[in-house]
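Structure first, commentary second.
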Amino acid sequence: MGPHAAETWLDACASADYAIAPARWRLGSRYRSDELERICAEHPFIGQAEARVWLHLHRDELRRAVEHAAGDGLDRTAWELCEALWTLWSRFRHFAAWEATHRLGLAAAMREGNRRAEARMRVQWGFALAEQQHHDAAAEQFAKALTAEQATGHHRGEATALEALALVAVAEWRTDEALDLLGQAQAALYRAGDPVDARAAALLMFHRGRVLFRDGDIHGAHLHLQQAEGRLRGLDPPDVYNAALAHTELARVHIEAQEYVLALDLLDTADELRALGAYHREAEALQELSWAAGHFGNHPVGTEAAGRILDLRTVLGRG
């Protein structure tokens, strides 16, 4: 695979990534306004579904493109491909490919001497580790990313690394530490400039709600999660994926408070996640819905949820 082929794969992958998650913050040359306009014109996708199918169909070729770029000394192309693969790997949990590509992307960024790219690769690889419950290894990558971001004075990236460290802390029920890290992340986000990244601020509110829930503050969790969901849905374009995750967490709060009827609208949330192809997250929403509906006896919503969970276990290889 020559340099031109690797660049073409990068263009198409970045266009598909943007079609699926236009609101997320990115690093890389393809996401500048002029380049973004070019790649979306050259590699158009009619909505998220088409982009998602394309990424799934070509994920092996895209992985090989990273390997070839890294092996041929195309370091910038290698790590930018990893950035463009983030939505595919993170939402659809292709862990082996995710880790393999981001190891190469990290090495490429370090060879290039690009500390912001190094930090980005460490954060993204760290999330692959965290999703598999490798918390110590994930925290190591996040901490190294934080050092790199602080060394360059890149406050937006600093906020992301602090947020990631907070998520490891909450996963291990270190709620006081998680709240402190989220406070530091918010401060870094505000140092990043005016206007503040509204999506990033909403995600920090979402995570704070999760921590408060685990800390037993039902009222505080409800307030933060409800506001976070509203802000995520109010973005232009809306961040439907993270809004659905916030709503799923809010339903958990309702269930804990024995407000089971307020969790029955999770069927709509599950439908949103299915439309996005986020089947693991859909299964999580349906599991909460099944639990809530169980308190009403043979509720038809619970019956539907149980049937869909069985179907998803087959799709996801669990049945």
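What the table shows:
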| quantity | calculated |
| --- | --- |
| Sole residue being free of Cβ contacts under 8 Å to residues at least 40 places away in the same chain, among the small types (G, A, S) and surrounded by fewer than 17 Cβ atoms within 10 Å (Cβ to Cβ), chosen from A151, A128, A145, A139 | A151 |
| Residue identified as at positive phi and without any contact (Cβ under 8 Å) to a residue 60 or more places away in the chain among G294, G317, G277 | G317 |
| Residues of region 78-113 that turn out to be more than 15 Å from A145 (Cα to Cα), surrounded by fewer than 20 Cβ atoms within 10 Å (Cβ to Cβ) and free of Cβ contacts under 8 Å to residues at least 60 places away in the same chain, as a count | 9 |
| Tally of residues being part of a helix (DSSP H, G or I) and under 18 Å from the mean Cα position of the chain (by Cα) across region 190-212 | 14 |
| Unique match (being part of a helix (DSSP H, G or I), of a type in the set (A, V, I, L, M) and touching a Lys or Arg at 6+ places or on another chain (Cβ under 6 Å)) among A228, A251, A243, A221 | A243 |
| Test set (1) modelled with pLDDT under 95; (2) under 18 Å from L104 (Cα atoms) - R30 fails condition number | (2) |
| Residues of region 85-94 classified as assigned to a helix (DSSP H, G or I) and touching a Leu at 6+ places or on another chain (Cβ under 9 Å), total | 5 |
| Candidate set from region 51-92 (those that are over 19 Å from R115 (Cβ atoms) and of a type in the set (G, A, S)); member that is nearest to the chain's Cα centre (by Cα) | S90 |
| Test set (1) more than 24 Å from Y279 (Cα to Cα); (2) in a helix (DSSP H, G or I) - D268 fails condition number | (1) |
| From A285, A305, A251, A228, residue being crowded, with 23+ Cβ neighbours inside 10 Å, within 30 Å of A187 (Cβ to Cβ) and among the small types (G, A, S) | A228 |
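Yes/no matrix, rows are residues, columns are (1) touching a Leu at 6+ places or on another chain (Cβ under 9 Å); (2) within 28 Å of L165 (Cα to Cα); (3) not in a loop (DSSP other than H, G, I, E, B):
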{"residue": "A41", "(1), (2), (3)": "no, no, yes"}
{"residue": "Q48", "(1), (2), (3)": "yes, no, yes"}
{"residue": "R63", "(1), (2), (3)": "yes, yes, yes"}
{"residue": "V66", "(1), (2), (3)": "yes, yes, yes"}
{"residue": "E83", "(1), (2), (3)": "yes, yes, yes"}
{"residue": "G105", "(1), (2), (3)": "yes, yes, yes"}
{"residue": "A119", "(1), (2), (3)": "yes, yes, yes"}
{"residue": "R122", "(1), (2), (3)": "yes, yes, yes"}
{"residue": "F127", "(1), (2), (3)": "yes, yes, yes"}
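Quick grid of which residues meet (1) of a type in the set (A, V, I, L, M); (2) over 21 Å from R281 (Cβ atoms):
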site: A202; (1), (2): yes, no
site: D217; (1), (2): no, yes
site: L232; (1), (2): yes, no
site: Y241; (1), (2): no, no
site: L262; (1), (2): yes, no
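The values are calculated or read from the model by the stated rules, or taken from the named source; none is laboratory data. Just so we're clear, the structure is a prediction, and the values are computed from it rather than from any experiment. Heads up, the Cβs are rebuilt from the backbone with ideal geometry, glycines too, and the neighbour counts pull from every protein chain shown.
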